[in-house]
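Taking it in order: structure first as structure tokens, then the write-up.
The values are calculated or read from the model by the stated rules, or taken from the named source; none is laboratory data. All values derive from a computational prediction rather than experimental measurement. Heads up, the Cβs are rebuilt from the backbone with ideal geometry, glycines too, and the neighbour counts pull from every protein chain shown. These accessible areas exclude ligands, DNA and RNA; they are computed on the full protein's heavy atoms, side chains included. Shrake-Rupley method; radii C 1.70, N 1.55, O 1.52, S 1.80 Å.
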Amino acid sequence: MIPAAFSAKSATTGIREVARMIEAGRPLILAGAEQDLACLPPGLWIGGTVAGFLAPGGPRPVAGEIFYADLSNIALRVEVRQFGARQLRGLTAHYPPNGFAVLLLPGRSRLLETVATKMLDWDGLYNAPLCGWVSGVALEELGHKQPKIFCGGGTPRQDKAAVMYVTLPEGLFAELNIVAPFTQGEGPELRFPSGGYGGSGTGLLEGQRVNLARMIANGELDPALPLISDRDGALLTNAITASDTEAGTLCFLNPIDPALSYRFAEPIDDFPAAFAKAAQGVDLPGALLCSICIANLPRLDASIRPLLPAFAPITFGQIGYTVLTQTISCLNLSRLDGALTEQDTR
């Protein structure tokens, strides 16, 4: 057991209780509905809208509740900063010498289009664990509501990113883990003539122009599988969220990069077994902070639940030094003399 001073907690609660914690000076990472986060007082917090929460009873909507990760008992120092797209590549200059950074990016935004596939080029990116998520909304609200982020107050932004830098006490260190059950398949190479979140379903399949939406309708492609690009050994993932056969259009969860080539993931016959293998050695239930991609929800059945955290925001993607989808990212804390237990971090 570690001392109580090194414990941390994540859960969901009501707006008033979160406001009380903010006013008490606690550093918090928050997730919820825009109207609920906008009610909160200024303080040492960052937050983002999400599609829902993973809770002990399963996924549930955000209405009236806010997810929080309270870092007050593990943080030696905390700094909150807000960045525009041009300034964001400089976020690594503020990394703490011992600690981690949490980045929240606004989903479906121009800012995300600018940085999503460029992050791996940033200087010093791997000098500290960089985790977080892409903000989202319920899929049925797309087109009616825009995902937002918040940085230290109740003003929603779609043109800024929020970053929290956390310095840990001596004897603790943070580790970023990504659970990615899918691997890149050996199918044909796929490129897109233009970027963005969708529109024309046209793609270049081994150099031949095809309509992917119609190929999906014909059963030639499986839209449930993520698209994966291998960028110098880093696997960048994306997901198809909608396909309109009549219009011949596709919609992607995160922006497609026309400079990259993609392949559909290798199909998985036994997803629980593949997930358990990918999560081997990763303490998801004991994670300090965790987020789950909305595209993975249909696959997270009861057999997987014991491997998952009790509480986590359901997002439009994960931050694991870059933007990922159909993964689960988590930040784990350890002591130099051994790993923390689940009880230590709750």
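Taking the stretch 124-151 as the range and being open to solvent by 20 Å² or more (accessible area, probe 1.4 Å) and on the phi > 0 side of the Ramachandran plot as the test, the residues that pass are G124, G143. Of L235, L307, L221, all but one fail to be over 20 Å from the mean Cα position of the chain (by Cα) and closer than 17 Å to Q326 by Cβ; the exception is L221.
Scanning the stretch 276-327 for residues that are among the aliphatic types (A, V, I, L, M), out of contact with any Cys (no Cβ under 9 Å at 6 or more places or on another chain) and more than 22 Å from V137 (Cβ to Cβ) yields a count of 7. Note down all Cβ pairs under 7 Å where the first residue falls in the stretch 117-128 and is among the aromatic types (F, W, Y), the second is surrounded by 13 or more Cβ atoms within 10 Å (Cβ to Cβ), and they're at least six residues apart or on different chains. Hits for this filter: W122/R89; W122/T92; Y126/Y321.
For the residues E17, E79, the requirement of being among the charged types (D, E, K, R), surrounded by fewer than 17 Cβ atoms within 10 Å (Cβ to Cβ) and part of a strand (DSSP E or B) singles out E79. Where strands (runs of 3 or more DSSP E) fall entirely within the stretch 180-297, those with at least 3 residues that are in contact with a Gly (Cβ under 7 Å, 6 or more places away or on another chain) and at pLDDT below 95 are at 249-256. Is one or more of the residues making up the stretch 60-75 over 17 Å from G286 (Cα atoms), in a strand (DSSP E or B) and aromatic (F, W, Y)? The answer is no; no qualifying residue exists. The residues listed here are P42, P56, P61; of these, the one that is over 28 Å from N296 (Cβ atoms) and surrounded by fewer than 23 Cβ atoms within 10 Å (Cβ to Cβ) is P42.
Is it true that some residue in the stretch 130-140 is over 21 Å from L54 (Cα atoms) and either at pLDDT below 95 or charged (D, E, K, R) (or both)? So that I can check it myself, show each step before the final result.
Let us first name the residues in the stretch 130-140 that are over 21 Å from L54 (Cα atoms), namely 130.
Filter once more, keeping what is either at pLDDT below 95 or charged (D, E, K, R) (or both): none.
No, there is no match, as no residue in the stretch 130-140 is over 21 Å from L54 (Cα atoms) and either at pLDDT below 95 or charged (D, E, K, R) (or both).
For the stretch 88-103, the criterion of being touching a strand residue (DSSP E or B) at 6+ places or on another chain (Cβ under 9 Å), open to solvent by less than 30 Å² (accessible area, probe 1.4 Å) and within 22 Å of G199 (Cα to Cα) is satisfied by no residue at all. Here is the figure for the stretch 245-259: residues that are among the charged types (D, E, K, R) and buried (at least 20 other Cβ atoms within 10 Å of the Cβ) total 1. The number of residues in the stretch 104-121 that are outside any helix (DSSP H, G or I) and either surrounded by fewer than 18 Cβ atoms within 10 Å (Cβ to Cβ) or of a type outside the set (K, R) (or both) comes to 8.
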